[in-house]
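K.L.:
Here's a structure for you.
The values are calculated or read from the model by the stated rules, or taken from the named source; none is laboratory data. Treat the numbers as computed from the prediction; the structure is a model and nothing was measured. Every residue, glycine as well, gets a Cβ built from its backbone with ideal geometry; the counts of neighbours run over all protein chains shown.
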Amino acid sequence: MLVRVGRGGRADIITMGCSMAGLRKTWVTVLGWVVLLVGIAALILPGPGLLLMVAGLVILSQEYEWAERCVEPVKVKAFEVAASGVKTWPRVAGSTLSALVPMGIGAFWMVDPEIPEIWIIGPELPFGGIGTGTSLVASSLVALGLVVYSVRRFRGHSEQRARQQATEYGTET
């Protein structure tokens, strides 16, 4: 085992030609990109897309300056979307309904019933079963949690406090 002083005065432990810093950077890079890409996919699929994108960028920012610069704008946009999603009570109801629909679909998918045969689909649900159903229910629970968080954060205060928070996060009430 060798120890060498790396960039910034940090000691790198080198074992069998492989540094621990190099392994860490590889794992941070792989994990960060996976979480970021899942977040991008979750923008159009059921799931908390912006939240996962922020998480992926935070992970990547441990090793990359460009990711650190991207964290704040995405975080501001996430708060902006959260604030606008609970701006009025009809929007809260719509957000809640949008979170509950995937839960119902997930419960249906878990049962994996026989369906009428339509063209190439049937008599079984495509990707039916416990795995798909569970992931839909889990996404729905996360979305419901985010709705509750947004209501408490952006609607649970006086009008003046809500306006101040919205301004702080780049939104308007």
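K.L.:
Looking only at residues in region 91-116 that are in a loop (DSSP other than H, G, I, E, B) and free of Cβ contacts under 8 Å to residues at least 12 places away in the same chain, which one is farthest from Val137 (Cα to Cα)?
P.N.:
Pro116
K.L.:
Does region 160-171 contain any residue that is modelled with pLDDT under 85, aromatic (Phe, Trp, Tyr), over 19 Å from Pro102 (Cα atoms) and surrounded by 14 or more Cβ atoms within 10 Å (Cβ to Cβ)?
P.N.:
Within region 160-171, one or more residues are modelled with pLDDT under 85, aromatic (Phe, Trp, Tyr), over 19 Å from Pro102 (Cα atoms) and surrounded by 14 or more Cβ atoms within 10 Å (Cβ to Cβ).
K.L.:
Is it the case that region 10-20 has a residue that's modelled with pLDDT under 90, closer than 21 Å to Glu80 by Cβ and in a helix (DSSP H, G or I)?
P.N.:
no
K.L.:
Have a look at Arg69, Arg91 and point out the one that is touching a Gly at 6+ places or on another chain (Cβ under 9 Å), over 30 Å from Pro126 (Cα atoms) and among the charged types (D, E, K, R).
P.N.:
Arg91
K.L.:
Do we find a residue being in contact with a Leu (Cβ under 7 Å, 6 or more places away or on another chain), crowded, with 19+ Cβ neighbours inside 10 Å and modelled with pLDDT under 90 anywhere in region 54-73?
P.N.:
No: region 54-73 contains no residue that is in contact with a Leu (Cβ under 7 Å, 6 or more places away or on another chain), crowded, with 19+ Cβ neighbours inside 10 Å and modelled with pLDDT under 90.
K.L.:
Still on this structure, please answer the following. Give Gly32, Gly49, Gly129 a once-over and let me know the one that is surrounded by 12 or more Cβ atoms within 10 Å (Cβ to Cβ), free of Cβ contacts under 8 Å to residues at least 24 places away in the same chain and in the same structural domain as Ala21 (by TED's automatic domain parsing).
P.N.:
Answer to the selection: Gly49.
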